[in-house]
Structure formats: C-alpha cells, structure tokens
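Shown next, in structure tokens, is the structure this report addresses.
The values are calculated or read from the model by the stated rules, or taken from the named source; none is laboratory data. Everything quoted here is computed from the prediction, not taken from an experiment. Cβ placement follows ideal geometry from the backbone for every residue including glycine, while neighbour counts extend to all protein chains displayed. Quick note on the areas: whole protein, heavy atoms, side chains included, nothing else; ligands and nucleic acids left out. Shrake-Rupley method; radii C 1.70, N 1.55, O 1.52, S 1.80 Å.
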Amino acid sequence: MKEIWKDVQGYEGLYQVSNDGDVISLRFDPPKHIYQTITNSGYKQVILFKNGRKERVGVHILVAQAFVDGWFEGAEVNHKDLNKINNVAENLEWVAHSQNQKHQYYLYHPEYKVNCCRVCGKELTSQTAKYCLSCLVEKRRELWPTKEELEHDIRYFSIMEISRKYNCSDNMIR
C-alpha cells in the first residue's frame, strides 16, 4: 500500500503524519522523521512544538485523526489487533470507551461468555442478572394480582397478610 501523508490537526504546515504511523517535521529541508518514544503503557508518542510550547501526543491518535472516519464526542482509538505499536490506519478505529474495554477483555479472555437475557437474548451488563429490565418488568407483571383479586383481599385480609401472600412489602400494597 502506498504511504500517504497528511497535515497533523492543529499543526498544519509544521508536521505531517502518514497512514503507516510515521510523523515528520516540515521545519527542516528535507523534512525529518520525528523520534517516537514508547510510553509506560506501551503506546508510541511524539513531542510536537508550536509557539514555544511542546505537547506529547500518541501517534495512534494522530493517524486516526488524519485517516480514520467515524470520530464522535468522547471517542477513543482502538487497535483492532491489540498491538499498541501497530499504528497503521487500517488497524485503527474510533470506538466508545466501553467498546474499547470490551474488545480488549474479550480478546484476552476467549473463554469469557457474554451474559444474555433468557427471554429476548439482549446482552446484559451484569454477570449475575438473568433478565434485561424490560423482560424483568413483564415477568413481574405476570405474577401481579388482578384488580378484582386485590380488592377482594383488601376487604377480607389485613395489609400485612396480603403483603405476605404476594411476597412484597406492605407499602406496596398500600
């Protein structure tokens, strides 16, 4: 694949980034490659200067801003192959934080099974839940007494007896 160069957002005319993850400075003739360090968390980063101020920026962020569509407010860059130093544009995507965490967890834990609702099959956030909220409400409504049954019970039984009968609090009966 041919290497394509684009200006770095916010540093137009000063720096360019390629779709292969290289960064060059246009301040020199010929342009020089910027030294990329690796952070403690394993990502490649470069230091960019503008107006006497320096900024450390992840190379994956620069590549994604220039070459990857789909940015939205709060988006994070995800490495599809989980290799943090593989900053090729085809390996990057914009995702929400939760999607980024799930992607990493599922690939490192292939034995993990997603917990789904037993009625509709919707993915659940809790590992202990058996039903999603909408199915849970429907399931509980099946057990509710009809209006006539409840009116009958209110005439002949105390509120405490009714609450024990339907396995709920006396406040709910009130």
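Looking at segment 1-30, which of its residues are aliphatic (A, V, I, L, M) and outside any strand (DSSP E or B)?
The answer is 1, 4, 8, 14, 26.
Condition first: hydroxyl-bearing (Ser, Thr, Tyr), out of contact with any His (no Cβ under 7 Å at 6 or more places or on another chain) and closer than 30 Å to residue 125 by Cα. Can you find one or more residues in segment 43-56 that meet it?
No: zero hits.
Hey, could you check segment 147-171 for residues that are under 29 Å from residue 119 (Cα atoms) and small (Gly, Ala, Ser) and say which is least open to solvent (accessible area, probe 1.4 Å)?
Across segment 147-171, the extreme among qualifying residues is 163.
State the number of residues belonging to segment 124-146 that are surrounded by fewer than 12 Cβ atoms within 10 Å (Cβ to Cβ) and part of a loop (DSSP other than H, G, I, E, B).
6
Any idea which residue in segment 66-100 is most open to solvent (accessible area, probe 1.4 Å), counting only those that are within 21 Å of residue 16 (Cα to Cα) and among the aromatic types (Phe, Trp, Tyr)?
Of everything passing the filter in segment 66-100, 71 is most open to solvent (accessible area, probe 1.4 Å).
Can you tell me which residue among 121, 74 is in a loop (DSSP other than H, G, I, E, B), small (Gly, Ala, Ser), on the phi > 0 side of the Ramachandran plot and at pLDDT below 85?
121
Six or more apart or on different chains, Cβ atoms under 9 Å: show the pairs whose first residue is in segment 89-116 and at pLDDT 70 or above and whose second is open to solvent by 100 Å² or more (accessible area, probe 1.4 Å) and charged (D, E, K, R).
Short answer, once both residue conditions are applied: 94/69; 115/130; 116/122.
Residues in segment 25-46 that are surrounded by fewer than 13 Cβ atoms within 10 Å (Cβ to Cβ) and either over 25 Å from residue 85 (Cβ atoms) or out of contact with any Gly (no Cβ under 9 Å at 6 or more places or on another chain) (or both): how many?
Qualifying residue count, segment 25-46: 12.
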